[in-house]
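Student: My questions will all concern the structure given below.
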Amino acid sequence: MRQDAFRLISPDGTESEMKIHRGTMGPDVIDIGALYREQGVFTYDPGFVATGSCASKITYIDGEQGVLMYRGYPVEQLAKHSSFIEVSYLLLHGSLPSADELAEFDRTIRVHTMLNEGMLNFFKGFRYDAHPMAILSAVVGSMSAYYHDTTDADNPEHRDIFAHRILAKLPTIAAAAYKLNVGQPFIYPRNDLNYCENLLHMLFAVPAEPYQIDPIAAEALDLLFILHADHEQNCSTSTVRMAGSSGANPYSAIAAGISALWGPAHGGANEAVLEMLEEIGDASQIGKFVDKAKDRNDPFRLMGFGHRVYKNFDPRATIIREMAHKVLGQLGRADTPLLNLALELEQVALKDEYFIEKNLYPNVDFYSGIIYRALGIPTSMFTVMFAIGRSVGWTAHWREMITDPNGKISRPRQLYTGSAERDYIPIDKR
Ligand code: SDX
């Protein structure tokens, strides 16, 4: 047997060799492409727990060791030394920019932050209390109606323009959704502000008085966006790749990713964590909720805990926990009841046999909401903030997928468990 292949022997003795592909790091993969042709069977892996959907150079995760790297750079180093705009360049282009490249990229993003004025009319059509994730996915999807003239996926310049528009305009759309929710006028972006300063300005400035941007808040947002920027083939990124694989307008593919992120099992968890903490109320109730989370007959899960890949600490959660203490301390709110309750809940869960046995640790969503809340961002906007950070990851993966010379439309198969063939019964005979 070749050393670079697995051999599969079917019950009737038919042999197949499945070539092994080895990556730079992480598990090898076996190529099952010939399996159906040679053995007449499909593989079966609901939720794609152990299935590699593509080859990618963008992000590497080691779930056992709690490792996360963007283009080979450990997220801890990028969190300490980089900025979200520099990390965005890295994810999109594959290498750290020179000073001139970074300056030009930053300038390009700043001058793309405005929306086509006609898009502002969309916001008038939503109820004032529409969930901002519903608004974000709808308005980003509408970008395909405004920018259909620059979506030739084979044109590198169009791919760059698409990337710049998504990265630059999501904060503007997000802030407009928030302003609708609070009944305040839309605030235009300013090109003299950096990425996070501009977002804070569009969220919290009002025409009636000058708005003073808090540098601590801007720094905290920048770090949160770095930590949320990409995460390999997660649910929403796989959605963007799948939607884009049909050749659909790339703005529509990003809108599909936004919708997938919204779910409480995925990016919606940061909103669900705060709602859970508020429902727990105080430390005396923690035991009751932990027991509910352990009860297989109870659908309740401890939001912000567990992960499909990390069976150790999510490295992002570790960084965000430290940042929560620092930011709340600097904002003079170090002892907020929510943070203390989260710390207490974490300690109880981490000592519980059920969570230890199932390798359930705090994930990226467990602490991020506490920081967003301290910055004055409402719970309903938490997943929108996640989407702003992840927008560059979605875009980088769309570009990698659409430029893959071996790329093809994603079309999984199934195990059919429905009715065998049967004849139509006229209605008077049923
Ligand atoms: C994100 O994929 C990514 O990379 C996502 C993400 C990214 O950056 O894109 O990291 C962002 O989505 C983080 C995850 C946010 N979601 C939550 O915090 C929601 C709560 N967590 C769970 O819903 C769950 O842990 C998932 C969805 C995150 C992972 O689910 P899996 O991998 O499908 O694992 P599973 O549901 O099969 O759980 C294994 C066992 C089960 O028990 P048994 O059936 O084996 O008895 O662990 C239990 C689960 O019931 N379990 C939990 C639990 N999470 C898993 N029990 C209680 N509370 C939890 N939170």
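Student: To the nearest 20 debye, what is the magnitude of the charge dipole of the range 144-208 about its Cα centre, counting +1 on the Cβ of each Lys and Arg and -1 on the Cβ of each Asp and Glu?
Tutor: Taking the Cα centre of the range 144-208 as origin, the dipole is about 380 debye.
Student: Please give the contour-minus-distance gain from residue 282 to residue 430: 0.36 nm per residue of separation, less the Cα-Cα distance, rounded to one decimal in nm.
Tutor: Using 0.36 nm per residue and subtracting the Cα-Cα distance, I get 47.5 nm.
Student: Could you work out Rg/(2.2 N^0.38 Å) for the range 271-430, with Rg from alpha carbons only?
Tutor: Rounded to two decimals, the normalised Rg is 1.46.
Student: Can you show me the helix-derived [θ] at 222 nm for the chain, built from DSSP H runs with n ≥ 4 at -39,500 (n - 2.57) apiece and divided by the number of residues, rounded to the nearest 500.
Tutor: That comes out to -15500 deg cm²/dmol.
Student: Work out the length of the dipole vector of the chain about its Cα centre, built from +1 on the beta-carbon of each Lys and Arg and -1 on the beta-carbon of each Asp and Glu, and round it to the nearest 20 debye.
Tutor: 680 debye
Student: A follow-up question, please. Looking at the range 369-429, which trypsin sites (Lys or Arg not before Pro) are DSSP coil and have at most 13 other C-beta atoms within 10 Å of their C-beta?
Tutor: Answer by residue number: 408, 413, 422.
Student: Mind pulling the angle between the C-alpha long axis of helix 195-204 and the longest principal axis of the chain? Nearest 10 degrees, somewhere in 0 to 90.
Tutor: That helix lies at roughly 70 degrees to the long axis.
Student: Measure off, as a whole percent, the carbon and sulfur share of the 1.4 Å-probe accessible area of the range 106-183, all protein chains present.
Tutor: The nonpolar share, carbon plus sulfur, comes to 53 percent.
Student: Another question, then. Could you give the accessible area per residue of the chain, probe 1.4 Å, as a whole number in Å²?
Tutor: 50 Å²
Student: Please give the FRET efficiency for residue 149 paired with residue 127, using the beta carbon to beta carbon distance and R0 = 22 Å, rounded to the nearest 0.05.
Tutor: So, using R0 = 22 Å, E works out to roughly 0.10.
Student: Also, I was wondering about something else. Pick from 290, 240, 392: which residue has the top mean-square fluctuation in a GNM of the chain where Cα pairs under 10 Å get a spring?
Tutor: Result for the chain, Cα springs under 10 Å: 290 fluctuates most.
Student: Then there's this: With loop defined by DSSP as not H, G, I, E or B, and exposure as at most 12 other Cβ atoms within 10 Å, which is the longest segment of the chain clear of exposed GluC sites (Glu not before Pro)?
Tutor: 65-420
Student: Over the chain, with a Gaussian network built from C-alpha contacts below 10 Å, which listed residue (113, 150, 14) shows the highest mean-square fluctuation?
Tutor: Judging by the Gaussian network model, the answer is 14.
Student: Mind jotting down the distance between the C-alpha centroids of the range 179-253 and the range 61-108, whole Å?
Tutor: 18 Å
Student: Next question, about the same structure. If one puts a single equal scatterer on every Cα of the chain and applies the Debye formula without solvent, what log₁₀ I(q)/I(0) results at q = 0.11 Å⁻¹?
Tutor: Those come out to -0.91, one per q.
Student: Using the structure shown, list the pairs from 288/358; 292/326; 19/311; 311/351; 169/408 with a Cα-Cα distance above 25 Å, or answer none.
Tutor: Over 25 Å Cα-Cα: 292/326; 19/311; 169/408.
Student: Among 286, 91, 244, which residue has its Cα positioned farthest towards the positive end of the charge dipole of the chain, with +1 placed on the Cβ of Lys and Arg, -1 on the Cβ of Asp and Glu, and the dipole taken about the Cα centre?
Tutor: Of the candidates, 244 comes out farthest on the positive side.
Student: With each label point set 7 Å from Cα along the Cα-Cβ vector, what nm distance links residue 411 and residue 211?
Tutor: Modelled inter-label distance: 4.8 nm.
Student: In the Gaussian network model of the chain, springs joining C-alpha atoms below 10 Å, which of 54, 235, 196 carries the largest mean-square fluctuation?
Tutor: Highest fluctuation among the options: 54.
The values are calculated or read from the model by the stated rules, or taken from the named source; none is laboratory data. Nothing here was measured: the structure is a model prediction, and the numbers come from that model. Positions of Cβ are backbone-derived with ideal geometry, glycine not excepted, and every protein chain shown enters the neighbour counts. Note: areas computed on protein heavy atoms with side chains; ligands, DNA, RNA excluded. Shrake-Rupley method; radii C 1.70, N 1.55, O 1.52, S 1.80 Å.
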